[in-house]
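S.K.: One structure follows; several queries about it will come next.
All of the numbers you see were taken from the coordinates with simple rules; none came from a lab. Fair warning: this is a prediction, and the values are worked out from it, not measured in the lab. Cβ atoms come from the backbone with ideal geometry, glycine included; neighbour counts cover every protein chain shown.
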Amino acid sequence: MSAVYNVNSLPMRTAPDTATAPSRRERLRDAVLRGLIALLRAIARLPLPVLARTGRGLGRLLHSVLPRRVAIARTNIRLCFPELDEAEVRTLARRHFIGLGQGIMEALWGWWGRHDTLPEYRIDGLEHLQAAQADGRGVLLYTGHFNASELGTFFLTLHAPISAIYRPNDLPPVDEAINAGRLRHVRALYPKDQPLAMVRALREGAALWIAPDQSFEGKQSAFLPFFGIRCATNTATPQLARMGHARILPFFVARSEDGLSYHLTLLPPVEGLPSGDDSADTQALNALLEAHIRRVPDQYLWGHRRFKDLPDGQPSPY
């Protein structure tokens with residue numbers, strides 16, 4: 001039987017001996033952040049349709065006031081979809097930000113909202129996860145950064161016990177608040193720098209959500225094609241699967257055109273993975289991710305500098 005995990009069971013990082021008390025500026029910052037979080041918690045109690053409309057307005061605002069992120073998004077779209085003309089690039093980038101704003105509000109509702117009434121959603125392939133968990137083996141739910149990912153994962157936890165691998169926020173009050181919200185529905189959160197805890201959980205039958213699609217440099221990386229462009233890519237998924245004796249199930253979320261319903265897709269375990277060739281395995285997973293991005297290109301996180309780390313000293317496109 002799978003063990004039950006919670007965030008308190010994870011190895012804790014200890015502060016170095018040189019750690020000092022927070023400065024006055026840091027205390028003031030944290031007080032302001034806690035006040036803002038309290039306001040967001042209150043907003044999250046609104047009905048999801050209201051939050052979705054508000055989020056789309058927020059996305060339009062973000063598109064207007066974040067020119068650097070807009071430029072990054074347009075650059076990424078040009079690189080990944082060279083067949084688009086400039087007007088199409090700009091339209092797709094704008095649609096992305098509108099969806100991003102909605103995704104932010106969806107996340108708030110998932111973390112802190114009232115869930116007595118749920119929106120319409122459909123899950124295809126849930127039987128693949130149930131079958132994988134039935135024999136006690138661990139599962140890695142491989143996905144990418146889509147703007148409906150938080151809400152889609154919340155829906156999935158209503159049908160199966162799920163944990164998640166995440167990147168801790170640099171601001172402690174924000175990290176604490178988000179983690180508390182996520183732990184309303186996920187079984188455990190594993191910081192990305194705790195691989196041994198992840199392996200232990202997988203060997204005990206956990207299902208871990210993982211989104212390793214952002215630029216990454218380090219021992220667990222390789223220059224692999226993403227939309228045909230070789231860039232630094234995280235190869236941790238097949239490594240974790242091999243060490244944790246786990247299966248890899250691709251998991252993707254899509255929001256409907258009208259923004260009112262959601263479609264979750266769980267694919268069967270990827271045959272032959274892990275093969276022992278982490279780069280080849282990661283490239284196979286990249287291909288599945290790219291296929292889903294092409295289905296809902298406006299819902300992918302284009303504001304991240306995915307191509308900042310390139311081989312052979314190539315200049316950054318940003």
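S.K.: For the range 140-269, give the magnitude of the charge dipole about the Cα centre (Cβ charges: +1 Lys/Arg, -1 Asp/Glu; no others), in debye to the nearest 20.
M.R.: 500 debye
S.K.: Compute from the Cα atoms of the range 155-215 the Rg and the Dmax, the latter being the longest Cα-Cα distance, and quote both in angstrom.
M.R.: Both quantities, over Cα of the range 155-215: 11.9, 32 Å.
S.K.: Running Debye on the range 36-179 with equal point scatterers at the Cα sites and no solvent, what base-10 log of I(q)/I(0) appears at q = 0.13, 0.19 Å⁻¹?
M.R.: Scattering profile of the range 36-179, log10 relative to I(0): -0.75, -1.24.
S.K.: State the answer as a single residue: which of 40, 304, 148 lies farthest towards the positive end of the charge dipole of the chain, with beta carbon charges of +1 for Lys and Arg and -1 for Asp and Glu, about the Cα centre.
M.R.: In the chain, that residue is 40.
S.K.: If you count the DSSP beta bridges with both ends in the range 26-299, what percent of them are antiparallel, to the nearest 5?
M.R.: Roughly 40 percent of the DSSP beta bridges within the range 26-299 come out antiparallel.
S.K.: So the label point goes 7 Å from the Cα of residue 267 along Cα→C-beta, right? Which residues of the range 135-163 then have their backbone N under 20 Å from it?
M.R.: The answer is 138-150, 152-153, 156.
S.K.: Next up: For a quick protection proxy, order the peptides 69-76, 188-195 by their average other-Cβ count within 10 Å, most packed first.
M.R.: 69-76, 188-195
S.K.: Now, a different point. Non-local amide H neighbours of residue 190 (under 5 Å, H modeled in plane, Pro and chain starts lacking H): which ones?
M.R.: For residue 190, the qualifying residues are 164, 165, 166.
S.K.: Can you give me the Kirkwood hydrodynamic radius for the range 26-299, using every pair of distinct Cα atoms, in Å to one decimal?
M.R.: In the range 26-299 this quantity evaluates to 19.6 Å.
S.K.: Among 64, 256, which comes first, second and so on when ranked by fewest other beta-carbon atoms within 10 Å?
M.R.: 64, 256
S.K.: How would you rank 224, 100, going from fewest to most other Cβ atoms within 10 Å of each one's own Cβ?
M.R.: Arranged by neighbour count, lowest to highest, 224, 100 become 224, 100.
S.K.: Of 135, 277, 116, how do they rank once you tally other Cβ atoms within 10 Å and put the fewest first?
M.R.: Ascending Cβ contact count within 10 Å gives the list 116, 135, 277.
S.K.: Related question: In whole Hz and in residue order, list the ³J(HN,Hα) couplings for the range 113-120 that follow from phi through the Karplus curve 6.51 cos²θ - 1.76 cosθ + 1.60, θ = phi - 60°; x for Gly and Pro.
M.R.: Couplings: x, 8, 10, 6, 10, 9, x, 6 Hz.
S.K.: Here's something else I'd like to know. Take the eigenvalues of the Cα gyration tensor for the range 142-297, scale each by 5, and report the square roots as semi-axes in whole Å, largest first.
M.R.: 23, 20, 16
S.K.: Starting from a Cα-only point model with no solvent, please compute log10 I(q)/I(0) by Debye for the range 218-313 at q = 0.15, 0.22 1/Å.
M.R.: -0.69, -1.21
S.K.: If you don't mind, there's one more thing I want to ask. Ranked from highest to lowest mean number of other Cβ atoms within 10 Å per residue, what is the order of the peptides 152-158, 26-32?
M.R.: My ranking of the peptides, most packed first, is 152-158, 26-32.
S.K.: Measuring from the lowest to the highest alpha carbon on each principal axis, how far does the range 25-69 reach, largest first, in angstroms?
M.R.: Rounded to whole Å, the extents work out to 34, 32, 9 Å.
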